[in-house]
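Read the structure below first, then the notes.
The values are calculated or read from the model by the stated rules, or taken from the named source; none is laboratory data. The structure presented is a predicted model; accordingly, all values stated were derived computationally and were not measured. Note that each Cβ is placed from the backbone with ideal geometry, even for glycine, and that neighbours are counted across all protein chains shown.
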Amino acid sequence: MAPHFISLDFGLEVEFDEDYGATLHRSLHDIYDVKTLALCTYVLQVIPMGDSPAQLGIKLRRVNHLILKASLIQEEFFGVTFFLNSCPNLELLTIDLNTSKRVLSEYEPPFPFDEHPFLKGVTTFNPYPAVVPYCVKKNLKKVVVEGFKGTESELPVLRYLL
């Protein structure tokens, strides 16, 4: 029987290696049956460096509650959309902003930040709407944000989700 809840928390880990992304990808393939998944900033920053920067090869179809222990800094943006794309049946998204802002050493985004859907059209006019993950369009019923401060990096994410 698969566990209902899994938390991937790497505490104060600050080392970055592209191989870690591939390792996390493989690990997530083994827990595809989980219902609630909690992730830390480390996972959000490293996961896009794996085999596929946009989503898992297999969908986490049973995940209906995603908990992000994050700061919503730009370095986490690609990881957030990675999991939104990988969890098509997500109904509840909890964002716990009560964590420290920690950027991994040697972090490099998989794509330029200004091309990220959270930021498209925020600073310049963009006639094309951002691509919205299936779960956000169809299944997401509730977003809970804990510790909201209204920072410049938090606002684009919440604007995108609303």
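Some notes on this structure:
- Cβ-Cβ distances below 8 Å connect the following pairs, each with a first residue in region 57-78 that is within 10 Å of LEU97 (Cβ to Cβ), a second residue that is among the aromatic types (Phe, Trp, Tyr), and a separation of six or more residues or different chains: LEU68/PHE83.
- Of all the residues in region 86-104, those that are modelled with pLDDT under 75 and either under 22 Å from SER27 (Cβ atoms) or in contact with a helix residue (DSSP H, G or I) (Cβ under 7 Å, 6 or more places away or on another chain) (or both) number 3.
Let's see how each residue does on (1) buried (at least 23 other Cβ atoms within 10 Å of the Cβ); (2) small (Gly, Ala, Ser); (3) closer than 13 Å to LEU84 by Cβ; (4) at pLDDT 90 or above:
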residue	(1), (2), (3), (4)
SER27	no, yes, no, no
ASP30	no, no, no, no
THR36	no, no, no, yes
GLY50	no, yes, no, no
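- Taken over region 114-150, the residue count meeting the criterion of being modelled with pLDDT of 70 or more and either under 13 Å from VAL80 (Cα atoms) or surrounded by 14 or more Cβ atoms within 10 Å (Cβ to Cβ) (or both) is 13.
- TYR42, sole failed condition from (1) buried (at least 18 other Cβ atoms within 10 Å of the Cβ); (2) in a strand (DSSP E or B): (2)
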